[in-house]
Amino acid sequence: MHQWSRDDDREKIIRREFEEEGAFEVHPVHEQNGVGLTVLVTREMTPDGVLGNRIHVIEDRGATRVEVARVLDLCRWTWSGYTEVLGEVGFKEIYSVKEKGLKPREYILNVAVK
């Protein structure tokens, strides 16, 4: 969440993030010192955010193994709850900034200053 969001924006933000990132992604193979890494990502929407399943296919000296990491990009916070918690742990200034990203979309970053 960011300072311009409302509590009822959560579902819309999750849906937009899912649609922009896509349900499936394949990263180019990365090789270093004879070890190859391919990363596949599958995503699904949940009430708390977008759940990404990052599947790592590792090829090392003729053997292949797979490691999976499940990462939930949370959209659980409201702006008021977020700033309240940060204030309780000593942050004095909390605000959001809009930044141009690599893709043709704007990113919103939250900044907290102690």
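A short reminder: the numbers here are calculations on the coordinates, not readings from a lab. Bear in mind the structure is a predicted one, so any value in this text is a computation, not a measurement. Please note: Cβ atoms are built from the backbone with ideal geometry, for glycine as well, and neighbour counts cover all protein chains shown.
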Next item on the list: Rounded to the nearest 10 degrees, what's the angle between the helix 10-21 long axis and the longest principal axis of the chain, both from Cα atoms, 0 to 90?
Entry: 30 degrees
Note to self: Run the numbers for Asp73 and Val97: contour at 0.36 nm per residue of separation, minus the present Cα-Cα distance, in nm.
What the structure shows: 6.7 nm
Margin query: For the chain, what does the helix formula give at 222 nm: sum of -39500 (n - 2.57) over DSSP H segments with n ≥ 4, over the residue count, nearest 500 deg cm²/dmol?
Written below: -6000 deg cm²/dmol
Notebook entry, point to check: How large is log10 I(q)/I(0) at q = 0.12, 0.22 Å⁻¹ when the Debye formula is applied to the Cα atoms of the chain, each weighted equally and without solvent?
Noted result: -0.60, -1.18
Notebook entry, point to check: What is the dipole size for the chain, taken about its Cα centre, with +1 at each Lys and Arg Cβ and -1 at each Asp and Glu Cβ, in debye to the nearest 20?
Noted result: 160 debye
Next item on the list: Give the total of Lys-Lys pairs in the chain with Cα-Cα distances below 23 Å; include a pair only if its members are 8 or more places apart or on different chains.
Entry: 5
